[in-house]
Amino acid sequence: MKKKVVIVDYQLGNLFSVKQALLNVGLDVVISSQADDINDADAVVLPGVGAFADAMSNLAKMGLVDPLKNYIAGGKPFMGICLGLQLLFTNSEEFGDSKGLDIIPGTVKKFKPSPEFPVLKVPQISWNQIGKPEGRSWDDSPLGESKEGEYMYFVHSYYVEPQDHKVALTETTYGDVKYVSSILKKNIFACQFHPEKSAEEGLKIYKRWALNNQLI
């Protein structure tokens, strides 16, 4: 019997492209906005594209904040994608100060021009490279089949800055900002880039995540 993967629908996400990618690697996938489905899931994926504050408002209105926190605290596999990574953090600079789920201590910051890069296109909408933070191994992670310097597809104006850099799984440079582009902490894997838009290399990440968590 296949294990059930729930993609959380909170009205801000590229749900169907994520679903198709997960189906392609052999997972049993449902899209849901119901707390009971999250509670019963074998794995949860939180995608998202849009404004941080709107996302938190939607999650609160739909009664999904506590179910998500409780699910992650229970130790079962969780993946966050793009905005789904940022929402895990304590707060965001967007619209002054917006409170997040506060599962990963840290802040979400906006890309800003600098003297070296006075004209920095924001949002970043492009392919960009992922690299290993110093001393970090990708073995036994969802990036176990990926190569240093691999290109992934990004669409974002903000980036995460965790308090504890040990959670960083990859780093990426945009302008003169080297930022954390994915994290791995216990049962949580979350990335700023979009694996579902990153061709075969992105599908490798989904498959490795599924295999590592014995979902297929």
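Here, each number is a calculation from the coordinates, and none is a lab measurement. All values reported here derive from a predicted model rather than from experimental measurement. Counting neighbours? That spans all protein chains shown, and the Cβs are built from the backbone with ideal geometry, glycine included.
Looking at region 1-23 only, could you name the residues that are touching a residue at least 60 places away in the same chain (Cβ under 8 Å) and among the β-branched types (Val, Ile, Thr)? Within region 1-23, Val5, Val8, Val18 qualify. Under the condition of being over 16 Å from the mean Cα position of the chain (by Cα), within 21 Å of Asp102 (Cα to Cα) and part of a loop (DSSP other than H, G, I, E, B), the residues counted in region 152-177 number 2.
Give the residues of region 178-188 that are over 19 Å from Lys109 (Cα atoms) and either in a strand (DSSP E or B) or not basic (Lys, Arg) (or both), sorted by residue number. Selection gives Leu184, Lys185, Asn187, Ile188.
Quick grid of which residues meet (1) on the phi < 0 side of the Ramachandran plot; (2) touching a strand residue (DSSP E or B) at 6+ places or on another chain (Cβ under 7 Å); (3) of a type in the set (Ser, Thr, Tyr):
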{"residue": "Ala51", "(1), (2), (3)": "yes, no, no"}
{"residue": "Ser57", "(1), (2), (3)": "yes, no, yes"}
{"residue": "Met62", "(1), (2), (3)": "yes, no, no"}
{"residue": "Tyr71", "(1), (2), (3)": "yes, yes, yes"}
{"residue": "Gly74", "(1), (2), (3)": "yes, no, no"}
{"residue": "Leu83", "(1), (2), (3)": "yes, no, no"}
{"residue": "Asn91", "(1), (2), (3)": "yes, yes, no"}
{"residue": "Asp97", "(1), (2), (3)": "yes, yes, no"}
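Here Gly106, Gly149, Gly144, Gly96 are screened, and the one residue that is part of a strand (DSSP E or B) and not acidic (Asp, Glu) is Gly106.
Can you find a residue that is closer than 25 Å to Pro142 by Cβ and without any contact (Cβ under 8 Å) to a residue 12 or more places away in the chain anywhere in region 71-92?
Within region 71-92, one or more residues are closer than 25 Å to Pro142 by Cβ and without any contact (Cβ under 8 Å) to a residue 12 or more places away in the chain.
Within the option set Ser114, Ser182, Ser198, being surrounded by fewer than 19 Cβ atoms within 10 Å (Cβ to Cβ) and among the small types (Gly, Ala, Ser) holds for one residue only, Ser114. Flag: Lys132 does not match the condition of being of a type outside the set (Phe, Trp, Tyr) and either in contact with a Cys (Cβ under 9 Å, 6 or more places away or on another chain) or surrounded by fewer than 15 Cβ atoms within 10 Å (Cβ to Cβ) (or both). The listed residues are Asp42, Asp54, and the only one of them that is within 17 Å of Val155 (Cβ to Cβ) and touching a Leu at 6+ places or on another chain (Cβ under 7 Å) turns out to be Asp54. Residues that are crowded, with 21+ Cβ neighbours inside 10 Å and touching a residue at least 60 places away in the same chain (Cβ under 8 Å) do occur in region 24-34. Listed by first and then second residue, the pairs with beta-carbon distance under 9 Å, at least 6 apart or on different chains, first residue in region 201-216 and without any contact (Cβ under 8 Å) to a residue 60 or more places away in the chain, second assigned to a helix (DSSP H, G or I) and not small (Gly, Ala, Ser), are Glu201/Pro195; Lys204/Pro195.
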